[in-house]
Amino acid sequence: MPVDMTEIRDTPLADALSERYLAYALSTIMARSLPDVRDGLKPVHRRLLWAMHQLRLDPQSGFKKCARVVGDVIGKFHPHGDAAVYEALVRLAQDFAQRYPLIEGQGNFGNIDGDNAAAMRYTEARLTEVGQVLLEGIEEDAVDFRATYDGEEREPVVLPGAFPNLLANGAQGIAVGMATSIPPHNAGEVCSAAIHLIEHPDATTADLLRHVKGPDFPTGGIIVEPAEAIAAAYETGRGGFRLRAKWEVEQGKYGTFRVIVTEIPWQVQKARLVEQIAQAMEEKKLPLLGDLRDESTDQVRLVLEPKSKTVDPALIMESLFRATALESRISLNMNVLDAERTPRVMSLKEVLRAFLDHRHEVLVRRTRHRLAAAERRIEVLEGYLAVYLNLDEVIRIIRTEDEPKPKLMAAFALTEVQAEAILNMRLRSLRKLEEMEIRREHKALSAERRRLKGLLGNETERWKAIAGELAEIRKRFGSGALGDRRTTFAAAPAAIAEAVEEALIVREPITVVVSEKGWVRALKGHAVDPAALRFKEGDRLRFLLPAETTDRLLAFGTNGRFYTIPAEKLPGGRGDGTAIRLLVDLPNDADLVALFVHREGARYLVASASGRGFIVKAEDALAGTRAGKQVLNVEGEEAAVCALVPEGADHLAAIGENRKLLVFPLEEVPEMARGRGVALQKYKDGGLADAKPFALAEGLAVRLGENRVSVRVAADLADWMGHRAQAGRLPWKGFPSSGRFG
């Protein structure tokens, strides 16, 4: 019945779009981007291997043109562009991209510099032993088959996969709303972990990680990720690994040296890496590096010449790791399709369990197939043996009877299969039917049948057989030039990071100038006359701080946050400088309270106007972002007060807005990393005006004017000595009218 093409249906656009986009998304997820957990392959890779298997391109045969393989794939199984299919084939053959290449290429298949492969009409390919192992047993009903897109051929839904390809070679892909990123691993280690899981089904991720140390990249390198982070990544299926280039020092004459990079991170193109290092040198981001040469052949060899022979090679490399792709981060996202074709993120144990369950199913199916074949052959052999002593009668029946099959079946109690086999027998096989050979074959097949039946009836034996297969795979591919681990592990030299920062900056003395309105600049040298400084109209000096270009400044705001400012980022002394709010995210309703040069081991007293406070270490005050770090929690309109705790300070003087003064031991103020603190002084009205830590033996210094300082010794402070949270009493006559210590 013809379709009525004139019918028009009204459908909301949102419904039509969502329906079509969902179909596209599912197609991308299921049939393009995510690998199957069982064989670790995407459809295009699986079809490539299957097409090469049909072309009999095994490791012992000759090569065939890649154009022939690509033509078969896109014509029979994969109706996509030939360029995309050829790129997938090329990647499977690149030993710097695949840890265990599945295809052996002949011709130009690209290189680690990033050069493309030659056209498919020039290159040739065949399967490697690893690729052949993935297909092993596919002719023995090991997996299901389905019709191809045009219904003319059949293709496997999944490969038998005796090799743990998903983890060994990894996978990368971006689908719709999800992605996968699995780095390659060492096949020997993966097999050992799988065998351990067979023997100990309740094994934890920590147990498996005794075998699987971490990724093993085809280009080598050094993983500098902490062991705890690696364990967490494999436990959850999500994480990442920092991968660094491998380098060594080559000594020259007269104390000179060169740094030689011999391995670069995975998926980093060497030519682009060299360009990146050269550009960083031009931009003066690598002041320790003098020259760069690429002396690579089939082995990577990047020669780095230092500017000075006194430079530490480790500092040169740390600066390169920070500025270039000599250090890369490889993500781990084990998002795969499970046996039910459902995408989900799996842990290491779940991936290994799914692989083993698939191998168990393949073993059962192959065993049943072999058992059926053995029983068919035994049936034929028993028919041969049944007629062996009556060859003359068999020949007579065949020669004289019009319908010899029923006569043979009746005369010798044969089955239809046995009778058909006898009738199809060649005459030259009738020389005594070679009785000894038949009996020998019958005996061997009978023993094989018993073994196969025993295997099907005993799950323990089946798992032993799978463990044996994995041990054989480990022996074949887990050692030697192909199988030995290439990627090593090391702890990142964290202590050297600050030395790199300093090495990249020229160390010079500067004076930091901050005005009342928040304009900051850095003048060269320390001999700066405050009276000679010029500011914008209505502005004046707030802070004058001697420092060096390698220092970090700690700025404390009335909002209770510490901000970290690298001194090298401060503008020069010409002009009025720049607004400090452009360097840090200081809110408009907040102002600076104090400015310090960060020193290891320093301590700061932080307090709010309500009189609550504590002591914080300089390390706890450092912030990693422009937003700063909240240290003192303030409420409402409260402003913060901050003072440096000098070395040797043992007492604290606090004065309130009510002009009450209290002196008490500093040990009564706790050290904290963050919070509201404890009460320093008690008030009926107002709050804290100022606080000053000091050493009692040296006395309390109070500034009376621009050039006048009064010092009160311990005996003179007896009337104001007390304990934390007391009210205190009015200060002595002559205390500054500002109510502050100055």
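Using a basic spin-label model with each label point 7 Å from the Cα along Cα→Cβ, how many nm lie between Ser710 and Lys536?
3.8
Hey, what do the phi angles of the stretch 113-121 turn into as Karplus ³J(HN,Hα) couplings, whole Hz, using 6.51/-1.76/1.60 and θ = phi - 60°, x for Gly and Pro?
In residue order, the calculated couplings are 6, x, 5, 6, 6, 5, 4, 5, 6 Hz.
Return P(r) of the stretch 583-742 (all Cα-Cα pairs; 10 Å bins starting at 0; whole %; ordered from short to long distances).
Taking every Cα pair in the stretch 583-742, the percentages come to 10, 40, 35, 13, 1.
Largest first and in whole Å, what are the equivalent-ellipsoid semi-axes of the stretch 352-481 based on the Cα gyration tensor, each being the root of 5 times an eigenvalue?
43, 16, 12
Would you calculate the separation in nanometres between label points at Asp620 and Ala67, each defined as 7 Å from the Cα along the Cα-to-beta-carbon direction?
Label-label distance for Asp620 and Ala67, simple model: 7.3 nm.
Please arrange Ser515, Ser738, Ser27 by how many other C-beta atoms lie within 10 Å of their C-beta, fewest to most.
Details: Ser515 20, Ser738 10, Ser27 13.
So the residues, fewest neighbours to most, are Ser738, Ser27, Ser515.
In angstroms, what radius of gyration and Dmax does the stretch 198-295 have, counting Cα atoms only?
18.9, 61
Using a Förster radius of 51 Å, what is the FRET efficiency between Asp291 and His360 based on their Cβ-Cβ separation? Nearest 0.05, please.
Computed FRET efficiency for Asp291 and His360 comes out at 0.30.
How far apart, in nm, are two points set 7 Å out from the Cα along the Cα-to-Cβ line at Glu153 and at Lys569?
5.9
Would you grab the residues whose amide H sits under 5 Å from the one on Ala594? Only those 5+ places off in sequence or on another chain, please, with H modelled 1.01 Å from N.
Correct list: Phe556.
Run through every distinct alpha carbon pair of the chain and return the Kirkwood hydrodynamic radius in angstroms, one decimal place. Can you show the working numbers first?
Working: mean 1/r = 0.0298 Å⁻¹.
Roughly 33.6 Å, rounded to one decimal.
Could you tell me the calculated FRET efficiency between Arg729 and Ala579, based on Cβ-Cβ distance and R0 = 35 angstrom, to the nearest 0.05?
Efficiency at R0 = 35 Å is approximately 0.25.
How high is the relative contact order of the chain, in percent, with contacts defined as C-alpha pairs under 8 Å that are six or more residues apart?
Averaging sequence separation for qualifying contacts and normalising by length gives 9 percent for the chain.
Got a sec? How would Thr625, Thr460, Thr180 order by Cβ neighbour count within 10 Å, fewest to most?
By the 10 Å Cβ count, ascending: Thr460, Thr625, Thr180.
So how many Å³ per residue does the convex hull of the Cα atoms of the stretch 208-357 work out to?
Value for the stretch 208-357: 144 Å³ per residue.
Among the listed pairs Lys536/Lys569; Lys42/Lys475; Lys629/Lys682; Lys76/Lys464; Lys65/Lys270; Lys246/Lys307, which are separated by more than 31 Å between their Cα atoms?
In this structure, Lys76/Lys464 lie more than 31 Å apart at Cα.
How many times 2.2 N^0.38 Å is the alpha carbon radius of gyration of the stretch 35-74?
With N residues counted in the stretch 35-74, Rg over 2.2 N^0.38 Å equals 1.23.
Using the count of nearby Cβ atoms within 10 Å as a rough guide to exposure, how do Met281, Met436, Met346 rank from fewest to most?
Working: Met281 16, Met436 9, Met346 19.
Fewest-to-most ranking of Met281, Met436, Met346: Met436, Met281, Met346.
Just flag the GluC sites (Glu not before Pro) in the stretch 368-464 sitting in loop per DSSP whose Cβ has no more than 16 other Cβ atoms within 10 Å.
Answer by residue number: Glu401.
From the phi angles alone, apply the Karplus equation (6.51, -1.76, 1.60; θ = phi - 60°) to the stretch 124-131 and give each ³J(HN,Hα) in whole Hz, x where the residue is Gly or Pro.
10, 8, 7, 6, 8, 4, 5, x
Using helices alone, I'd like the mean residue ellipticity at 222 nm for the chain: each DSSP H run of four-plus residues gives -39500 (n - 2.57), total over residue count, nearest 500.
Details: 20 runs with 234 residues, N = 742.
After summing the helix terms and dividing by the residues of the chain, the value is -9500 deg cm²/dmol.
What number, in nm² with one decimal, is the all-direction average of the projected area of the convex hull of the alpha-carbon atoms of the stretch 612-654?
That works out to 4.2 nm².
On a full-extension model of 0.36 nm per residue, what is the gain between Ala16 and Lys453, subtracting their alpha-carbon distance, rounded to one decimal in nm? Present the calculation step by step, with values, prior to reporting the outcome.
On the way: separation 437, 0.36 × 437 = 157.32 nm, distance 5.51 nm.
Between Ala16 and Lys453, full extension yields an extra 151.8 nm.
For the stretch 47-151, which semi-axes, largest first and in whole Å, follow from the square roots of 5 times the eigenvalues of its Cα gyration tensor?
Semi-axes (√(5λ), whole Å): 23, 17, 12.
When the Kirkwood radius is taken over all Cα pairs of the stretch 629-676, what Stokes-Einstein diffusion coefficient follows at 25 °C and 0.890 mPa s, in µm²/s?
190
Could you give the spread of the C-alpha atoms of the stretch 281-326 along their three principal axes, from largest to smallest, in whole angstroms?
The Cα atoms of the stretch 281-326 stretch 30, 22, 20 Å along the principal axes, largest first.
For the stretch 1-113, with equal point scatterers placed on the C-alpha atoms only and solvent neglected, what are the log10 I(q)/I(0) values from the Debye formula at q = 0.21 1/Å, to two decimals?
Debye curve over Cα of the stretch 1-113, log10 I(q)/I(0) at q = 0.21 Å⁻¹: -1.21.
Compute the FRET efficiency between Gln54 and Tyr388 as 1/(1 + (r/R0)^6), taking r as their Cβ-Cβ distance and R0 = 41 Å, and round to the nearest 0.05.
Between Gln54 and Tyr388 the formula returns 0.50.
Taking the Cα atoms only, what angle lies between the long axis of helix 459-477 and the longest principal axis of the chain, rounded to 10 degrees?
Relative to the chain, helix 459-477 is tipped by roughly 70 degrees.
Any chance you could run the full-extension gain for Glu600 through Asp484? It's 0.36 nm times the residue separation minus the Cα-Cα distance, nm to one decimal.
That pair, Glu600 and Asp484, stretches by 37.3 nm at full extension.
With the radius of gyration and the Kirkwood radius both derived from the Cα set of the stretch 89-225, what is their ratio Rg to Rh? Intermediate values should be presented prior to the final figure.
Values: Rg = 17.7 Å, Rh = 17.4 Å.
On the Cα set of the stretch 89-225, Rg over Rh gives 1.01.
Name the long-range amide H neighbours of Leu289: under 5 Å, sequence gap of 5 or more, or other chain; modelled H, no Pro or chain starts.
Answer set, sorted by chain and number: Lys307.
State the extension gain, in nm to one decimal, for the chain segment bounded by Phe257 and Arg210, taking 0.36 nm per residue of separation less the distance between their alpha-carbons.
13.1 nm
Read-outs throughout are calculated quantities, based only on the coordinates presented, and are distinct from any laboratory measurement. Please read these numbers as outputs of a predicted model, since none were measured by experiment. Here Cβ is always computed from backbone atoms with ideal geometry, including for glycine, and neighbour counts include all displayed protein chains.
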